[in-house]
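Contents: one structure, followed by commentary.
Quick note: the coordinates plus some simple rules give every number you see, no bench work behind them. Just so we're clear, the structure is a prediction, and the values are computed from it rather than from any experiment. All Cβ positions, even for glycine, are placed from backbone atoms using ideal geometry, and neighbour counts span all protein chains on display.
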């Protein structure tokens, strides 16, 4: 009997362990996709919608729904980026996780899509769905994986009304923090205030530049919400800091996604 | 007949209006309809409701809280016979309620304003209701009343290895969850999304009468029940794939609601 209980507990623990993190959660992903859609050129918007047969937000969380299920299990590691031991972006991931980084996949897909007119529609559609999600995911502060060896101090939990709360879960849902019942449109109306100069600055540069920027901003999340920070007892200023970082990263994701899709589909 | 109509709707009218945020499905159907209504129909509907239709898309749900109006809970269900035909005359069946409400609206010049408003609110909601597969019941098919099943996934993660993850689900919850997935869309944006996918089918979908519409949804129900059945163990991806049927039903509901209102207010 005792053995059965121990086995059962192990199964429960194992099941909890494999619960997948849903970067940005459904709201964040949808909002990023919605804002990106507002900044597509008419040509790109028309082409993207033609392939998807839907709006961008409709597929914003598709990769989370399918990530662990065949035939998409290989995409399970396409949701984040990695830092090396010195805190620099890793492009040299080898072995089982060779294709593991969201940014590596985004770069590969963008290259592949240069010839999208000669590709089957189903592959173009699938690649667009991957881009919508992976570009957003790589901008989520807690989706940068720091090595245990040099960043052991980044492995901690927050608190919610005194009880332990996952740092990851908190930042995944950060764009919706304190914003009950917001729709994507409202998010865009209230948060998407960038001037065209600011937008160009965000979109400028190579993937390496974007990656360095993401890594830099990610450290702010650990400063704003240190270990044991109680998210239910934050001051107004602390909440504003959370939203400021979440919105900054969401806007970067949205504008860069629009930039990528405009380059693929907007070119005449 | 007229007396029964009056009593049913008069009782319904005493309830307060409700506005539920989670009503995204009904509101989206109303939003799709508004995009395809004639200017005349839109104007008359606006005058009767004194607001746009999305604000009234969940009206009937608020009535159930009143014990005197508990019977209105049944108004969302349409029952088909064993052959999948809508032949019922049961007064609380969704299709019969819809027919009565349409009758009131067609005869609106001789009815009180409040009765006409109640009938219109009922039409807006019940057209949506009969397009939810969970609201179609087929005689002799107990499964259509609801059942539980289990979804499972063999997940593969590089760090976690291969795992079997099981999740309980139910016939009703499955259809409602598809709607809830979109509760962060506004009804107007969700409507535009659905139209991207099903807009080309509008002319085909809007044909027929409420009885045909219920039968049409019943055909989808029968097909789904061949795969999803009581106590079944199903792969998660099967549930993901049925989301397209849910969206197709919403598109049909929106186009049919517009067609019905255009024909009433021509």
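So here's what we get for this one:
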| item | result |
| --- | --- |
| Residue-averaged beta-carbon neighbours from other chains (10 angstrom radius) around A:128-141 | 0 |
| Volume per residue that the Cα convex hull of the range A:2-264 spans, once the total is divided by residue count, Å³ | 160 Å³ |
| Whole-Å distance, taken between Cα centres, linking the range B:91-115 and the range A:211-268 | 53 Å |
| Relative contact order [Cα under 8 Å, 6+ residues apart], the range A:2-264, whole percent | 29 percent |
| Calculated [θ] (222 nm, deg cm²/dmol) that DSSP helices of n ≥ 4 give over chain B, each run adding -39,500 (n - 2.57) | -16500 deg cm²/dmol |
| Two-decimal Rg to Rh for the protein assembly as shown - Kirkwood Rh, Cα set | 1.01 |
| In degrees, nearest ten, helix A:2-17 long axis to first principal axis of chain A (Cα) | 30 degrees |
| Tilt relative to chain B, helix B:210-225 - C-alpha long axis, 0 to 90 degrees, to 10 | 10 degrees |
| FRET efficiency for residue B:229 and residue A:91, using Cβ-Cβ distance with R0 set to 51 Å, rounded to 0.05 | 0.55 |
| Equivalent ellipsoid semi-axes - Cα gyration tensor, the range A:166-258, angstrom | 24, 18, 10 |
| The range A:80-180 shape via C-alpha gyration tensor axes, a/c threshold 1.5 | oblate |
| Using a Förster distance of 41 Å, the FRET efficiency for residue B:196-residue A:228 (Cβ separation, nearest 0.05) | 0.30 |
| Calculated FRET efficiency for the pair residue A:43/residue A:122, C-beta based, R₀ 22 Å, to 0.05 | 0.55 |
| Cα gyration tensor category, rounded, prolate or oblate, for the range B:170-266 with a/c compared to 1.5 | oblate |
| Of all DSSP beta bridges in the range A:2-264, antiparallel share, percent nearest 5 | 55 percent |
| Between helix B:39-49 and chain B: long-axis angle, C-alpha atoms, 0 to 90°, nearest 10 | 80 degrees |
| Equivalent ellipsoid semi-axes, chain B, via Cα gyration tensor eigenvalues times 5, rooted, Å | 33, 21, 17 |
| Cβ neighbours within 10 Å from other chains - mean over B:183-191 | 6 |
| Peptide A:73-82, shielding by other chains (average Cβ, 10 Å cutoff) | 2 |
| Inverse of mean 1/r across different Cα pairs in the range B:94-208, Kirkwood, Å | 18.2 Å |
| Separation of alpha-carbon centers, the range B:230-249 and the range A:66-138, rounded to whole Å | 27 Å |
| Global form of the range B:71-134, assessed from the alpha-carbon gyration tensor, a/c cut-off 1.5 | prolate |
| Least to most buried among B:249, A:140, B:106 (fewest other Cβ within 10 Å first) | B:106, B:249, A:140 |
